[in-house]
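One structure below.
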Amino acid sequence: MNLRLFISFALAAVLPFCSCTRAETEFSRDANSEKVDKPDEPTPPVVDPDPDYTLTEEDKKVNLQLFEIVNLDYPGLETVKSEYEQKHYALAAQALVEYYRNRQVVNAEIDVDDTWISPEQQRIADQALEYRFCVKEATWYESVNGSQYTYYSFDDGTGKINWNFEAPGAGTEFYQKHWHQWFRFLGYALNNTGDSKYFNAWKEVYSDWLENFPCPESANAYGNRSWHQLSVATRITNQLNILPYFLKSDEFTGDWLSTVLVEFYKSVEFSRKNPYKVSTSNIRFAQEVAEAKAGILMPEFKVASEWLSEGASAVSNQLTMQFNADGTHNELALNYQLGVIDNFRNIYQNASVNNQLGAFSSEFLERLHNACRLVMDYVWPDYTWEWMNDTFEQTKNVLLRNILGYSELFPDDEDLLYMGTEGAKGTKPSATLRSYPDGGYYFLRNGWDVNSTMLIYSNNYCESESTHCHQDNGTISLWSKGRNFLPDPGVYSYGGTAETNAMKNELRKTCSHNTLTKNLETISQSSIKGRCLLTKSGEDYDVAVAENRSYNDLTHRRAVFMVNKSFYVVVDEAYGTAAGTPVNLSFHLCADVKGGKGADIVSVDDGGQEYYGAHTTFSDGNNMLLRTFAETMTGYKAENGISKYSPKLNTAIDRKFYRVTVSKPTAEDVVRFITVIYPSADASVDASFKSDWSDKSCSLSVSVNGTSYDLGYDL
């Protein structure tokens, strides 16, 4: 199967979200405002036929605006121009259909002759024939049988489409019905079966949508995001990718092409005239990508060169606006990173195969490299990934094939090739510590295969108050030999009902993460300003030290050591002017039931005031032990309980947590903890500081099963 096409399939779950930002929540939506008076449409000039010439019935079906927006002198359109000049408008439009079926412009994102459609995607196409529209795969469905989803019906009961329909509990995300994602599956089904019923379904539904939501002047004309900037940009990109499939139908007539192309022109021009208000947002970026792609893939339009020039310049600028120098995306959620990289990669590939690279910055490809490597570093060794910030679940196929795609962009990167081919090619990476200090991600691992152990330390720096970056500075997640022992609480929901919002907010609390808090308070969004102090690799241990002023009067410094490539030591230090307040250190472990039978696999260990912690007892021997040692006993309190985490949207699973709390009596006091994380169900562990608090250094001693380790750092 063609790699590019498979990647586009795999990313289908990612791309609907890759361009969302905090501003999405600012766009109000009235559930009852779908049907409103239609605003006047901005239209291109209309060709004025000779009044003395009588149009045929077929000619009357053609939208004559087509001949104002298409450059009839473009190479290959000679027949179109000739028929047009003879006032044979239907024949001219049909000649344009034949031109598009055979033209040499290449869309690098698709391969019509090598298209594969899964059984479930075929089901989506067949359901669309009955107005059961898949707004998002495996989401917002009426029922499910295994992997077979039956999506909600948009039939109003009289055989017409009810665009007012909203799936129960879907919330504001359901506006994505205006993105028409299911259209591409109709195209794949047409290509796979040759049955024109799929073409006719596309034509019918798209015509109905155009009738209800004609192009307006402003982005919120209907109040339902049908013409919100993100919706328009998504439709433009989707239309470029599905048109080649539908052109294969014998029923694709010239008059329908005139409708499609005129509406496409209106969409691109609408997007140009209504740029999203935040220039650095993913929504503006999606608009710019759509415009650049339109310029590359629709060169027959008179304004195509303007689209390409504007879009390519903006996309080149966005590369530095979207990504920090270290490659971290400004949303700091890896599914957004994945989607935005794909947008840049696709535009680069389209420009390359169509000889349009000259329109883009000469540094375009170079700037993508770090961004691609971050994805490789973030992925667990089994090709799954953690759910930090608004990163939601992805499959191995999606992540593996994207990394392989990155290796094609950077053929000299042996690490990417190795990871993209599961070790079949390339060279196994040797790095045990990788850091992305601008965004605040640190990775400490002892290997790159499924028998390895890997820890992610997240202490993000968020320039703007992005709602996709959670208030969890200092949090860690730990994966070892196929098991996530300290999973992030995850996303749970992007919003919707009061119930889903309540759970989402509960999981987003700072104390719901594996980090330090003051009196269990959630830090403010504006306080996400993580600062890297040190990363260092050595023979005995690797260490990453970072801090964040989580509260106006308290800074949290965390050092994570990977000792002897076998276990971790986490040092937490809280300093600042805060006085008379408790300081809490929380650790949330994996799910607490074995085989669903209720047997505890996470046990809390209480060593009095000497230590507090937990250990797991998995029968396969892959276990982890945590021991936390507090330096001061003032206000000491140790507790445990049940918290939740969400490995996928709208799913919450119970797990055990433990928490150690001590008091910070005065402004001069510094609260310090040492936590040892050791791969075993049982071990003799001790730890203590060897020096007093200093803002320039730290020294400590750890003992495990009788072996002592001296650790520390100097800034």
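Starting from residues that are open to solvent by 60 Å² or more (accessible area, probe 1.4 Å) and not in a helix (DSSP H, G or I), keep the ones in region 55-73 and report whichever is nearest to Glu306 (Cα to Cα).
Here is the first cut: in region 55-73, the ones open to solvent by 60 Å² or more (accessible area, probe 1.4 Å) are 56-58, 60-61, 68, 73.
Filter again for not in a helix (DSSP H, G or I), leaving 56, 61, 73.
On the way: Thr56: 35, Lys61: 29, Asp73: 17 Å.
Here the answer is Asp73.
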Any idea how many residues of region 73-100 are within 41 Å of the chain's Cα centre (by Cα) and over 23 Å from Val303 (Cβ atoms)? 2
Just a yes or no: is a residue in region 612-623 among the small types (Gly, Ala, Ser), within 35 Å of the chain's Cα centre (by Cα), over 14 Å from Asn514 (Cα atoms) and open to solvent by less than 50 Å² (accessible area, probe 1.4 Å)? no
Might you let me know whether region 693-702 holds any residue that is in a loop (DSSP other than H, G, I, E, B), in contact (Cβ under 8 Å) with a residue 12 or more places away in the chain, surrounded by fewer than 14 Cβ atoms within 10 Å (Cβ to Cβ) and out of contact with any Ser or Thr (no Cβ under 8 Å at 6 or more places or on another chain)? yes
Could you list, in sequence order, all residues of region 166-215 that are among the acidic types (Asp, Glu) and either in a helix (DSSP H, G or I) or free of Cβ contacts under 8 Å to residues at least 12 places away in the same chain (or both)? Glu173, Asp195, Glu204, Asp208, Glu211
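Pick from Lys637, Lys644: which is more than 18 Å from Glu573 (Cα to Cα) and either over 29 Å from the mean Cα position of the chain (by Cα) or in contact (Cβ under 8 Å) with a residue 24 or more places away in the chain (or both)? Can you show your working first?
Working: Lys637 fails: more than 18 Å from Glu573 (Cα to Cα).
Answer to the check: Lys644.
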What residue, of Glu506, Glu539, Glu499, is open to solvent by 70 Å² or more (accessible area, probe 1.4 Å) and either in a loop (DSSP other than H, G, I, E, B) or under 17 Å from Leu455 (Cα atoms) (or both)? Glu539
Note on region 218-239: residues more than 16 Å from Phe174 (Cα to Cα), out of contact with any His (no Cβ under 9 Å at 6 or more places or on another chain) and surrounded by fewer than 24 Cβ atoms within 10 Å (Cβ to Cβ) are Ser218, Ala221, Ile236, Thr237
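Quick check on Glu366: is it in contact (Cβ under 8 Å) with a residue 12 or more places away in the chain, over 19 Å from Asn484 (Cα atoms) and not in a loop (DSSP other than H, G, I, E, B)?
No; evaluated as a whole, the condition is false for this residue.
Quick grid of which residues meet (1) touching a residue at least 24 places away in the same chain (Cβ under 8 Å); (2) closer than 25 Å to Ser226 by Cβ; (3) open to solvent by 60 Å² or more (accessible area, probe 1.4 Å); (4) out of contact with any helix residue (DSSP H, G or I) (no Cβ under 9 Å at 6 or more places or on another chain):
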residue	(1), (2), (3), (4)
Ala95	yes, no, no, no
Glu98	no, no, yes, no
Arg101	yes, no, yes, no
Tyr131	yes, yes, no, no
Is one or more of the residues making up region 292-310 at pLDDT below 95, of a type outside the set (Phe, Trp, Tyr) and in contact with a Phe, Trp or Tyr (Cβ under 7 Å, 6 or more places away or on another chain)? no
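So if I check each of Ile653, Ile677, which one is under 29 Å from Val491 (Cα atoms), touching a strand residue (DSSP E or B) at 6+ places or on another chain (Cβ under 7 Å) and surrounded by fewer than 20 Cβ atoms within 10 Å (Cβ to Cβ)? It would help to see each step written out before you state the result.
Working: Ile677 fails: surrounded by fewer than 20 Cβ atoms within 10 Å (Cβ to Cβ).
Testing whether each residue is under 29 Å from Val491 (Cα atoms), touching a strand residue (DSSP E or B) at 6+ places or on another chain (Cβ under 7 Å) and surrounded by fewer than 20 Cβ atoms within 10 Å (Cβ to Cβ) leaves just Ile653.
Does Ile117 fit the bill of being touching a residue at least 60 places away in the same chain (Cβ under 8 Å), open to solvent by less than 30 Å² (accessible area, probe 1.4 Å) and either over 20 Å from Ser196 (Cβ atoms) or of a type in the set (A, V, I, L, M, F, W, C) (or both)?
Working: touching a residue at least 60 places away in the same chain (Cβ under 8 Å): yes; open to solvent by less than 30 Å² (accessible area, probe 1.4 Å): yes; either over 20 Å from Ser196 (Cβ atoms) or of a type in the set (A, V, I, L, M, F, W, C) (or both): yes.
Yes: the conditions hold for Ile117.
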So for region 274-282 (the condition being at pLDDT 95 or above, closer than 18 Å to Arg235 by Cα, assigned to a helix (DSSP H, G or I) and open to solvent by 10 Å² or more (accessible area, probe 1.4 Å)), does at least one residue qualify? no
Restricting to region 109-139, name every residue that is in a loop (DSSP other than H, G, I, E, B) and more than 30 Å from Ile347 (Cβ to Cβ). Leu129, Glu130, Tyr131
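Are any residues in region 234-273 in a helix (DSSP H, G or I) and among the aromatic types (Phe, Trp, Tyr), and if so, which ones?
Looking only at region 234-273, we keep the residues that are in a helix (DSSP H, G or I), and these are 234-246, 254-273.
The answer is Tyr245, Phe246, Trp256, Phe264, Tyr265, Phe270.
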When residues of region 452-481 are filtered for being open to solvent by 10 Å² or more (accessible area, probe 1.4 Å), at pLDDT 95 or above and not hydroxyl-bearing (Ser, Thr, Tyr), how many remain? 1
Would you be able to say whether some residue in region 308-315 is open to solvent by 10 Å² or more (accessible area, probe 1.4 Å), under 23 Å from the mean Cα position of the chain (by Cα) and touching a residue at least 60 places away in the same chain (Cβ under 8 Å)? no
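Among the candidates Leu700, Leu649, which residue alone is of a type outside the set (Asp, Glu) and closer than 25 Å to Thr453 by Cα? I'd like the intermediate steps shown before the answer.
Details: Leu649 fails: closer than 25 Å to Thr453 by Cα.
Answer to the selection: Leu700.
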Among the residues of region 668-697, count how many are under 39 Å from the mean Cα position of the chain (by Cα), aromatic (Phe, Trp, Tyr) and farther than 15 Å from Leu585 by Cβ. 1
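Could you list, in sequence order, the residues of region 138-170 that are among the aromatic types (Phe, Trp, Tyr) and open to solvent by 70 Å² or more (accessible area, probe 1.4 Å)? So that I can check it myself, show each step before the final result.
Taking region 138-170 and keeping what is among the aromatic types (Phe, Trp, Tyr), we get 140-141, 149, 151-152, 154, 163, 165.
Selection gives Tyr141 alone.
The values are calculated or read from the model by the stated rules, or taken from the named source; none is laboratory data. Bear in mind the structure is a predicted one, so any value in this text is a computation, not a measurement. Cβ atoms come from the backbone with ideal geometry, glycine included; neighbour counts cover every protein chain shown. What goes into the accessible areas is simple: the full protein's heavy atoms, side chains included, and nothing from ligands, DNA or RNA. Shrake-Rupley method; radii C 1.70, N 1.55, O 1.52, S 1.80 Å.
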